[in-house]
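Okay, structure first, notes after.
The values are calculated or read from the model by the stated rules, or taken from the named source; none is laboratory data. This structure is a prediction, so every number in the text was calculated from the model and none was measured. Here the Cβ is made from the backbone with ideal geometry for all residues, glycine too, and neighbour counts use every protein chain on show. Side chains are part of the model used for accessible areas, which takes the heavy atoms of the whole protein and leaves out ligands, DNA and RNA. Shrake-Rupley method; radii C 1.70, N 1.55, O 1.52, S 1.80 Å.
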Amino acid sequence: MTASDWDAETYSRVASPQLEWSADVIARLRLHGDETVLDAGCGSGGVTAGLLDVLPRGHVVAVDGSPAMIEAARTRLGNRRVSFHCQDLSELTLDRPVDHAFSNSTFHWIPDHAKLFSRLNRAIRPGGRLVAQCGGPGNVAEIVRGLEIVTREEPFRDDVGELEAPWNFADPDETESRLIAAGFAEPHCWLEKRLAIVDDPQSFVEASCLAPYRERLDQDLFRQFSDRLMEAMGYPENFSYVRLNMDATRGTGQVPAGGPVFNSTGKGERGERE
Ligand SMILES: C[S@@+](CC[C@H](N)C(=O)[O-])C[C@H]1O[C@@H](n2cnc3c(N)ncnc32)[C@H](O)[C@@H]1O
């Protein structure tokens, strides 16, 4: 599945839990303030702004697969110390390596983590770090259960029946193995429970979780779908999240097999940076 377009305006308004949780992830980067850091899945730029705050002399390379999210991030942040790229992270290609890669609330949207980690590994300079948080097993369990019910119902089933749960909630052990296979060293992955307490639960669910459904349903049907989902879940006011954290270092050994990663200068073809 390629990256979906998102409702960036609503996401910016409702995604306060994701913003709040990102602070600990940014702190784990332990930055000096002058580095170049990839924000993998920058969304509408709220979390990216927090990353820029700890990089007063540095730069952010902000990548997202949703044109609406990239546009919202650009409008929010301008071009000072940030470059924006609308790309699928599974196919990530950067002009030059970054010092570190950071990601918040994004990797569970990407089905093939082996490919993702391989792309990230080759986008980071040797010795640089990957620090990320995304959904892990049990994440948004109420929403997953609600979607299992509602996607099978008429009149939604034809359009979204196959989309029961579009998420890849990987566990820490398999993630550590994949990180090593992709060329990362000393991976450390762990789970953490969080509760999302929100002011507007329906808008929160729509903007944080339902982008692939919104894309496949016309406006009226999406409204009905979202109403029915809230009903099937019993109108929750908060949501249980399970976060998968990952910290790893880009190894200095051989680059894993695969095609070239950097796209313009010719530098950074496979193996050149070793
Ligand atoms: C929940 S939002 C998180 C945004 C931001 N990092 C935050 O914490 O608020 C997930 C983001 O991942 C992006 N995304 C999902 N799959 C992607 C992919 N394959 N390539 C690039 N971006 C992707 C979406 O477009 C969306 O902006």
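Restricting to the chain, what percent of DSSP beta bridges are antiparallel, rounded to 5?
Numbers: 19 of 37 bridges.
Roughly 50 percent of the beta bridges in the chain run antiparallel, per DSSP.
Let me know the charge dipole size of the chain about its Cα centre in debye, to the nearest 20, where only the beta-carbon of Lys, Arg (+1) and Asp, Glu (-1) is charged.
Numbers: 29 positive and 43 negative charges, 258 e Å.
I would put it at about 1240 debye.
I'd like the per residue volume of the convex hull spanned by the Cα atoms of region 1-157, given in cubic angstrom. Before the final figure, lay out each step's value.
Details: hull volume 19.4 nm³, N = 157.
In region 1-157, the Cα convex hull volume per residue is 123 Å³.
Please compute the per residue accessible area over the chain with all protein chains in place, 1.4 Å probe, rounded to a whole number of Å².
Working: 12090 Å² over 274 residues.
Spelled out: the 1.4 Å probe surface of the chain, per residue, equals 44 Å².
Would you calculate the separation in nanometres between label points at residue 200 and residue 240, each defined as 7 Å from the Cα along the Cα-to-beta-carbon direction?
Distance between label points: 2.7 nm.
Percent relative contact order of the chain, based on C-alpha pairs within less than 8 angstrom and at least six residues apart?
Details: 555 pairs, mean separation 60.6, N = 274.
Reported relative contact order: 22 percent.
Kindly provide log₁₀ I(q)/I(0) values, in the same order as q = 0.11, 0.17 Å⁻¹, from the Debye equation applied to equal alpha-carbon scatterers of region 126-244.
Taking Cα atoms of region 126-244 as identical point scatterers yields -0.45, -0.86.
If 115, 193 are ordered by their accessible area, calculated over protein heavy atoms with a 1.4 Å probe, which sequence runs from highest to lowest? Write down the numbers at each step before the final one.
On the way: 115 80, 193 175 Å².
Final ranking, largest accessible area leading: 193, 115.
In Å and on Cα atoms, what radius of gyration and Dmax does region 56-98 show?
Cα-based Rg and Dmax for region 56-98 come out at 10.6, 29 Å.
Tell me the net charge near residue 199. Cut-off is 14 Å between Cβ atoms, residue 199 excluded, with +1 for each Lys or Arg and -1 for each Asp or Glu.
Numbers: positive: 13; negative: 20, 200, 206, 237.
With Lys, Arg at +1 and Asp, Glu at -1, the net is -3.
Past the 13 angstrom mark, what percentage of all C-alpha to C-alpha distances in region 1-58 do you count?
Values: 1053 of 1653 pairs.
Percentage above 13 Å: 64.
Taking H placed 1.01 Å from N in the peptide plane, check which residues at least 5 places from residue 184 or on another chain put their amide H under 5 Å from its amide H.
Residues meeting the amide H criterion: 251.
Quick one: compute the contact order of region 93-196, relative version, from alpha carbon pairs under 8 angstrom and 6+ residues apart, as a percent.
On the way: 119 pairs, mean separation 32.2, N = 104.
With pairs under 8 Å counted, the relative contact order is 31 percent.
Calculate for the chain the 222 nm mean residue ellipticity that helices alone would give, adding -39,500 (n - 2.57) per DSSP H run of length 4 or more and normalising by residue count, nearest 500 deg cm²/dmol. Walk me through the numbers before you get to the answer.
Details: 11 runs with 103 residues, N = 274.
The helix-only estimate for the chain comes to -11000 deg cm²/dmol at 222 nm.
Under 8 Å for C-alpha pairs, at least 6 residues apart: give me the relative contact order for region 138-242, rounded to a whole percent. Don't skip to the answer; put the middle values down first.
Numbers: 97 pairs, mean separation 46.7, N = 105.
Computed over region 138-242, the figure is 45 percent.
How far is helix 67-77 tilted, in degrees, relative to the longest principal axis of the Cα atoms in the chain, given as a value from 0 to 90 rounded to the nearest 10?
70
When the chain is treated as a GNM, springs tying every alpha-carbon pair under 10 Å, which of 45, 78, 128 comes out with the largest mean-square fluctuation?
The residue that fluctuates most here is 78.
Calculate, axis by axis, the spread of Cα positions in region 134-185 along the three principal axes, and write the results as whole Å, longest axis first.
Principal-axis extents of the Cα atoms in region 134-185, largest first: 48, 20, 12 Å.
What part of the accessible area of the chain, given as a whole %, is carbon or sulfur when the probe is 1.4 angstrom?
On the way: 5650 of 12090 Å².
Answer for the chain: carbon and sulfur cover 47 percent of the accessible area.
Which loop-located GluC sites (Glu not before Pro) does region 108-177 contain, where loop means any DSSP state but H, G, I, E or B and the Cβ has at most 14 other Cβ atoms within 10 Å?
Details: sites: 142, 148, 153, 162, 164, 174, 176; in loops: 153, 164.
Here the GluC sites (Glu not before Pro) that fit, given the DSSP loop and packing criteria, are 153, 164.
Over all directions, the average projected area of the alpha-carbon convex hull for the chain comes to how many nm²? Don't skip to the end; give the middle numbers.
Values: hull surface 54.5 nm².
Its Cα hull, projected and averaged over all orientations, spans 13.6 nm².
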